[in-house]
1. Hey, got a sec? Which GluC sites (Glu not before Pro) in the stretch 144-206 land in a DSSP loop and have at most 12 other Cβ atoms within 10 Å?
2. Distance from the Cα centre of the stretch 202-264 to that of the stretch 335-367, in angstrom?
3. Return the sequence-ordered ³J(HN,Hα) values of the stretch 301-309 in whole Hz as given by the Karplus equation 6.51 cos²θ - 1.76 cosθ + 1.60 applied to θ = phi - 60°, using x for Gly and Pro.
4. Which order, highest average first, do 331-338, 209-216 follow once you tally other Cβ atoms within 10 Å for each residue and take the mean per peptide?
5. Where does the chain land at 222 nm, in deg cm²/dmol rounded to the nearest 500, when only DSSP H runs of n ≥ 4 count, each adding -39500 (n - 2.57), divided by all residues?
6. If amide hydrogens are placed 1.01 Å from N in the peptide plane, which non-local residues have theirs closer than 5 Å to the one on residue 137?
7. Ordered by packing density, taken as the mean number of other Cβ atoms within 10 Å over each peptide's residues, highest first, how do 40-47, 171-178 rank?
8. Describe numerically, in nm with one decimal, the distance between label points set 7 Å from Cα along Cα→Cβ at residue 282 and at residue 21.
Amino acid sequence: EAAEKAGYEHFMMKEIHEQPKVVGDTINSVVKENFIDLTDIGLSEEDIKKISQMYIVACGSAYHVGIAAQYVIEDLAKIPVRVELGSEFRYRKPLLDKNGLVVVISQSGETADSLAALREAKEKGVRTLGIVNVVGSSIAREADSVFYTLAGPEIAVATTKAYSTQLVATYALAIQFAKVREEISEERYVELIREIKTLPEKIEKILKDKERIQWFASKQVNAHDVFFVGRGIDYAICMEGSLKMKEISYIHSEAYAAGELKHGTISLIEDDILVVGVLTQSELYEKTISNMLECKSRGAYLMGLTTFGRYDIEDTVDFTVYIPKTDPLFATSLAVIPLQLLGYYISVAKGLDVDKPRNLAKSVTVE
Ligand code: G6P
């Protein structure tokens, strides 16, 4: 097993470090020099033009990919997207448009609820696309089309690299759908392609700064409640950051759309409670900062996660983590990295079983 961990203490850390490589591989599988080719996936231009509505169905972290993807697809391709949990979709008697596309995202390709949702969609005669990591898995076999993420085998129960590859798969779909449906200019298309290709090196850069997160994590081992707040795509990032925290650190945490704080959650803010603000979307920055200030005035300790250049954040927050600039639509791919590291380092500092957290399974094949 030590050999398989390639010198890392845990599989999770190894997999966190594999992200630049596997994200790059997944991008390169469809993104060519200056265009995107989805023919291997089985989606023709005609198919893409026909899509009236997208339904993304997934569980766990893959569901959080769906939430982030919803913003990206609607922004670029202007296709309405609905995101649902597999366990809800299958019992909801969903009304599916016959020209809709059901996208099931699953690392294992075996999650029972996601598979049932796929079958439900097929039964209703709606086209299905799987974004799957495991070749030959049930979802990969049964979906009409498959976009394989190239994360390689993921051992740690808490997903990191599979999540990151799923994200870039959805970006590639969004960009190409936008292009085929003539929703973006040629310049914007080329710019997005250029930018998506820079994500691996930007992730690498964040990983180089991991000791800073480790230091911060060592101060948070006694935390009981952590709140992650953000708006728009930042809210999607919060959901994944919060799940990582719960899964491996056993710290109660909640992801909150920053604007919703005042509708209840703010009553839970007390002295020294950690509030993590995710602020990668500049048009929402001031709004989230003001929500964070409301928490601070009630005693919260603030961590801010934003892009390099936003140094004024230090006037408000107690601890800041900066990520490289990218197109705001791709920010999830960068902002999630420090949050994975935070969950990891707190778990290690608490002496917990990082790779096999209690009560959790890598793949949930029962209801
Ligand atoms: C489990 C794993 C999660 C994963 C979820 C969905 O809960 O612990 O990391 O996100 O299942 O798994 P899937 O294989 O469908 O992506």
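1. Here the sparse-neighbourhood loop sites are 182.
2. 13
3. Couplings: 9, 10, 10, x, 10, 8, 8, 3, x Hz.
4. Sorting 331-338, 209-216 by mean packing, highest first, produces 331-338, 209-216.
5. Working: 14 runs with 162 residues, N = 367.
Calculated mean residue ellipticity at 222 nm is -13500 deg cm²/dmol.
6. Under 5 Å from the amide H of residue 137: no residue qualifies.
7. The densest-packed peptide leads the list: 171-178, 40-47.
8. Placing both labels 7 Å beyond Cα along the Cβ direction yields 3.5 nm.
All of the numbers you see were taken from the coordinates with simple rules; none came from a lab. Bear in mind that the values here come from a model prediction, so they are computed numbers and not experimental data. Heads up, the Cβs are rebuilt from the backbone with ideal geometry, glycines too, and the neighbour counts pull from every protein chain shown.
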